[in-house]
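The structure appears right after this line, and notes come after that.
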Amino acid sequence: METIAPVIELYPGDDGDLLELLQMSMGIESMEGVKHLLAVERTRGTRYYVARVAGQIVGLIGVWFDPTGRVTELEPPQIIDMAVLPAYRRQGVARALMARAVAEVRTTGCPTLWLYTSGDEIGVLTFYYKLGYRLAAVVPDWFGPGSRKAILRLDLS
Ligand SMILES: CC(C)(COP(=O)(O)OP(=O)(O)OC[C@H]1O[C@@H](n2cnc3c(N)ncnc32)[C@H](O)[C@@H]1OP(=O)(O)O)[C@@H](O)C(=O)NCCC(=O)NCCS
């Protein structure tokens, strides 16, 4: 069987484009909560990009970087949200979104990209590992008792 890669369009997302996917990425039920966190991210200068396939928004990424280019500590994370609709996974959508974010961060001369995610989801960790991220630290009980937060680092130099 022949597999055809989808045409993935990337563009800056407005709030209406983002909410449903943000809810998935943030893992919170309350849409008011999602809107609040999005407002916080917008205020600190986070930029969001969405991926569109055949006219439908199927994925998103949020990227933030210190305009001074001097942040080397673990917080705040620079990739803040990443999600792809289940039906569109394993087709390179997240890889394309991450490439867009990395290209933007590279223009700042920032040598390292940080993010954190659940340390308990092997598929997500494999995704980041495939893209070159490496484990920097694990924080126990971050998302609740028994959970693990994985802090990941991508060397851009
Ligand atoms: C993690 C996530 C963003 C990946 O999106 P995606 O569009 O499916 O990823 P891609 O197709 O670009 O994957 C690129 C490579 O990463 C690896 N990969 C991606 N998902 C994987 C999985 N579930 N298991 C193992 N490897 C995986 C593969 O090597 C893949 O390349 P391949 O399909 O050619 O083998 C998506 O599964 C998702 O939205 N999950 C739920 C939300 C979430 O947990 N977000 C992270 C919070 S920070």
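Among Asp66, Asp14, Asp141, which one shows the highest mean-square fluctuation when the chain is modelled as a Gaussian network with alpha-carbon springs under 10 Å?
Highest fluctuation among the options: Asp141.
How far apart, in nm, are two points set 7 Å out from the Cα along the Cα-to-Cβ line at Ser30 and at Asp120?
For Ser30 paired with Asp120, the spin-label model returns 2.1 nm.
Can you tell me the dipole magnitude for the chain around its Cα centre, using point charges on the Cβ only (Lys, Arg +1; Asp, Glu -1), in Debye to the nearest 20?
Rounded to the nearest 20 debye, it is 480 debye.
Where Lys and Arg each count +1 and Asp and Glu each count -1, what net charge lies around Gly13 among other residues with Cβ under 10 Å from its Cβ?
-1
Let me check against my output: what whole-number percent is the relative contact order of region 9-155, with C-alpha pairs under 8 Å and at least 6 apart?
The normalised contact order for region 9-155 reaches 18 percent.
Please compute the net charge surrounding Tyr133, taking Lys and Arg as +1 and Asp and Glu as -1 over other residues with Cβ under 13 Å from its Cβ.
Once positives and negatives cancel, what remains is +3.
Out of the GluC sites (Glu not before Pro) in region 1-60, which ones are loop residues according to DSSP with at most 10 other C-beta atoms within 10 Å?
Within region 1-60, the qualifying GluC sites (Glu not before Pro) (loop, at most 10 other Cβ atoms within 10 Å) are Glu2, Glu29.
For the chain, what is the mean residue ellipticity at 222 nm derived from helices alone (per DSSP H run of n ≥ 4: -39500 (n - 2.57); sum divided by total residues; nearest 500 deg cm²/dmol)?
So the calculated ellipticity at 222 nm is -9500 deg cm²/dmol.
Rounded, prolate or oblate: which fits region 77-157, taking a ≥ b ≥ c as square roots of the Cα gyration tensor eigenvalues, rounded meaning a/c under 1.5, else prolate when a/b beats b/c?
Since a/c reaches 1.5 but b/c is at least a/b, the shape of region 77-157 is classed as oblate.
Quickly rank 146-155, 103-112 as a protection proxy: mean count of other C-beta atoms within 10 Å, highest first.
146-155, 103-112
Only the coordinates and a few stated rules stand behind these numbers; no lab work does. Treat the numbers as computed from the prediction; the structure is a model and nothing was measured. In this analysis, Cβ positions are derived from the backbone assuming ideal geometry, glycine residues included, and neighbour counts consider all displayed protein chains.
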